[in-house]
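Report on one structure; see the data block that follows.
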Amino acid sequence: MNPMRMRMDPLTLLRDFTMRGELDKIVRLNTDFRFGDEYTFPCSLETAYRSTKGNRYTLETLVHYIKNHHLKHTEYFQNTLALGIPSVTLPDRKPILNYLQGILSTTDSIEYLPEDPSEDPTSLNQQQQPSQLPNSDQIVEEVQVPPLDFISMIRAAEKPLKDRESLLECKNRDFYGVLVAATKREEERQRMESHQRKDGLVAKSRLMGSSDDFGDEMGYDQTPKPKMHLKIGEGVPIILVPSAFQTLITIYNVKEFLEDGIYIPTDVKVKQMKGARPDCVTVQKKLSRDRAVTAYEVRDKPAALKPEDWDRVVAVFVLGKDWQFKDWPFKDHVEIFNKITGFFMRFEDDSIESAKTVKQWNVKIISISKNKRHQDRAAALEVWDRLEEFVRSRSHS
């Protein structure tokens, strides 16, 4: 093999630069790679390294891989996909890395094409040698040769891969999906910050007669208002939800439904949850422009309530099963739903039989659609209107 060919071979040069730790000296300029101040090769040039699939890796693929070989294969593959660069296959990763880093001196995957001087890359330091002029004795007849148009020759050999229009089309790249994902992350961040602020203010709910200092903190109207002497016990009012998964509202999804007016199935919320199952969730009404902030505790373990806690229970989401009220400190359903307002959540297209028992109780039936999520807000407002009306009537009774 021609030693000059080996010295100027892009695969050999890439290996030399890798072993010397000089990958930073391989710089991309438009559609070419410049190796230091000596050589320039087209990015799309096929190297002598043949993949296990049979194709030859381009210089662009190998340069990008050796500079990013530390990435896991899934991350590396997604990166090449985003940049539109062919990737190194998983079986080829280690052999290529070992060869370029000098661990292997050669490999059967390297196959050099037959030598063609016209394909040799141009050295930046190579000086063109002047052609040897013939002696006057050799001149037989002067022939007029037209000058060569090198630019036209180069353009004739070019193979355009992309034009302006194809670049603007951005095929296989969903920028709308990126925008939606970024928006969701920002909304989730704002929601978490809001929840952290509110959790510190639960005990000072204005419904329970908060102090003037609290109103000043939150920017509420400081006009003196008579404090309610509620008969619902001291502390934050409690809403009970079933612990069974067969009900629509549970401790997992109650916050999104009551605060944001969005119903998310319990099984979906459980998969999204990180950390332990919550014993208590704080909710506040955010679906209106009321200046008063009302905080509620949502729990799903009635057996854990102390006797004084029952005085704070103002609402319950029912299953429609009698066993839900076992061991409650009330004698029957009439007493329960006189002291506590009840709600029964159902899908609007469920059979009437599902609400047959509930219709005999003094509870509010709330219907939502299985698919039309934009209707959830109206259903959540129904709950809030009934709950606030009940709390006002109970407070003044």
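Using every pair of distinct Cα positions in the stretch 3-119, the Kirkwood expression returns a hydrodynamic radius of 14.6 angstrom.
By the count of other C-beta atoms within 10 Å, a proxy for reagent exposure, His73, His64, His374, His333 are ordered fewest to most as His374, His73, His333, His64.
The antiparallel fraction among DSSP beta bridges confined to the stretch 265-397 stands at about 35%. Pairs over the 31 Å Cα-Cα cut-off, from the set Lys184/Lys321; Lys286/Lys372; Lys25/Lys184: Lys184/Lys321; Lys25/Lys184. Summing +1 for each Lys or Arg and -1 for each Asp or Glu among the other residues whose beta-carbon sits under 15 angstrom from that of Gln101 gives +2.
Computed from the C-beta positions of Leu90 and Glu335, the FRET efficiency with R₀ = 51 Å rounds to 0.15.
Taking a spot 7 Å from the Cα of Leu83 along the direction of its beta carbon, which residues of the stretch 32-55 have an amide N less than 14 Å from it? Counting only backbone N, you get 32-34, 43-44. Taken one residue at a time, the phi angles of the stretch 344-359 give Karplus couplings (6.51, -1.76, 1.60, θ = phi - 60°) of 10, 8, 8, 7, 5, 9, 5, 5, 5, 4, 5, 10, 4, 5, 5, 5 Hz. Gly and Pro are set to x. Fewest-first ordering of Met153, Met19, Met8 by other beta carbons within 10 Å of each residue's beta carbon gives Met153, Met19, Met8. Put in order of Cβ neighbour count within 10 Å, fewest first, the listed residues Ile262, Ile151 become Ile151, Ile262.
Values quoted throughout were computed directly from the atomic coordinates according to the rules given, and no laboratory measurement underlies them. Keep in mind the model is a prediction, meaning the values are calculated, not measured. As a convention, Cβ positions derive from the backbone with ideal geometry for all residues, glycine included, and neighbour counts pool all protein chains shown.
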